[in-house]
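These notes are about the structure you will find just below.
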Amino acid sequence: MFRQRSTQPELMDDLSLASDDLRRNLQELELINQWLGGHDVVRHGLNQILNGSFSGHFAGNKLKIADLGSGGGDTLRMVAQWARKRRLPVELVGIDANPYMLHYSAAQSQDYPEISYRQADVFSPAFAQQQFDVVICSLFVHHFTDEALAALLAQLQRQVRVAVLINDIHRHPLAYYSIKSLTRIFSRSYLVKNDAPLSVLRSFTAPDWKRILAQAGVARYRLKWRWAFRWQVIFGPVLEK
């Protein structure tokens, strides 16, 4: 079951999904990101980028950061808090294909004028023309096949001026059975109970990442395992200087 990535669709892959259970799902995913390391992976990655060889780019410049598959917007709200603490001017853009999620995330982000949300297909020619300093993919890329993901990463490599930062799950038995047990006990959302364990089965091992990045033509990258059962991937101009 854990040797290869699952191709079974998640309920969240339905872009027409709009329900109270989806709202509960987004609320619980925010808690999962807070307590199981998702936000830590993104913060750590941003700190690496900020302190790296490209750090001079940030001086006096407004940093444009996009979060693909932004969902409930909790990652962007965390990034806004991160930037405010550093007095770093930012323009934060949430990209999602589900209009319900965009409406929900905008309502939750009213105290963050630096955040805006847009509906877009990340594989569309129109989106491919857009440029960002940093693109974040947090619990997003496991939704795609290896082939589609390789194509997306190749595209993002051309779209960023600084880096692509990925936070996604490590496909591992302990991760699967832990999240399955935790969601059965604590979750009130059917979506979370179904999708959280399935997300682990659709996610990645280190050899998966090395193969997919090679297919995308990404030669230089940082791949790091972080708690709890997360992969952090960073690539782009920040590593090419």
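The values are calculated or read from the model by the stated rules, or taken from the named source; none is laboratory data. All figures in this text were calculated on a predicted structure; none of them were measured in a lab. Here the Cβ positions follow ideal geometry from the backbone for every residue, glycine too, while neighbour counts run over all protein chains shown.
Here's the yes/no breakdown for (1) among the aliphatic types (A, V, I, L, M); (2) touching a helix residue (DSSP H, G or I) at 6+ places or on another chain (Cβ under 6 Å); (3) modelled with pLDDT of 90 or more; (4) more than 18 Å from R188 (Cβ to Cβ):
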{"residue": "L15", "(1), (2), (3), (4)": "yes, no, no, yes"}
{"residue": "Q27", "(1), (2), (3), (4)": "no, no, no, no"}
{"residue": "N33", "(1), (2), (3), (4)": "no, yes, no, no"}
{"residue": "L63", "(1), (2), (3), (4)": "yes, no, yes, yes"}
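Selection of first residues in segment 45-68 that are among the polar types (S, T, N, Q) and assigned to a helix (DSSP H, G or I) and of second residues that are modelled with pLDDT of 95 or more and surrounded by 18 or more Cβ atoms within 10 Å (Cβ to Cβ), restricted to Cβ pairs under 7 Å at least 6 apart or on distinct chains, gives the following pairs, ordered by first then second residue: Q48/I234. For L88, the criteria (1) crowded, with 20+ Cβ neighbours inside 10 Å; (2) at pLDDT below 95 hold in every case but one, which is (1). Per the listing Q48, Q130, Q81, the residue uniquely farther than 25 Å from A151 by Cα, over 16 Å from the mean Cα position of the chain (by Cα) and modelled with pLDDT of 95 or more is Q81.
When Y117 is tested against (1) in contact with a strand residue (DSSP E or B) (Cβ under 8 Å, 6 or more places away or on another chain); (2) of a type in the set (F, W, Y); (3) at pLDDT below 95, only condition (3) is not met. Could you tell me whether any residue of segment 179-197 is within 18 Å of the chain's Cα centre (by Cα), of a type in the set (V, I, T), modelled with pLDDT of 95 or more and at negative phi? Within segment 179-197, not a single residue is within 18 Å of the chain's Cα centre (by Cα), of a type in the set (V, I, T), modelled with pLDDT of 95 or more and at negative phi. Can you confirm whether segment 18-29 contains a residue that is of a type in the set (S, T, N, Q), crowded, with 18+ Cβ neighbours inside 10 Å and closer than 17 Å to T75 by Cα? Yes, segment 18-29 contains a residue that is of a type in the set (S, T, N, Q), crowded, with 18+ Cβ neighbours inside 10 Å and closer than 17 Å to T75 by Cα. Restricting attention to segment 78-93, the residues that are in contact (Cβ under 8 Å) with a residue 12 or more places away in the chain and not in a strand (DSSP E or B) add up to 8. Being at pLDDT 95 or above and over 21 Å from E10 (Cα atoms) is not true of L149.
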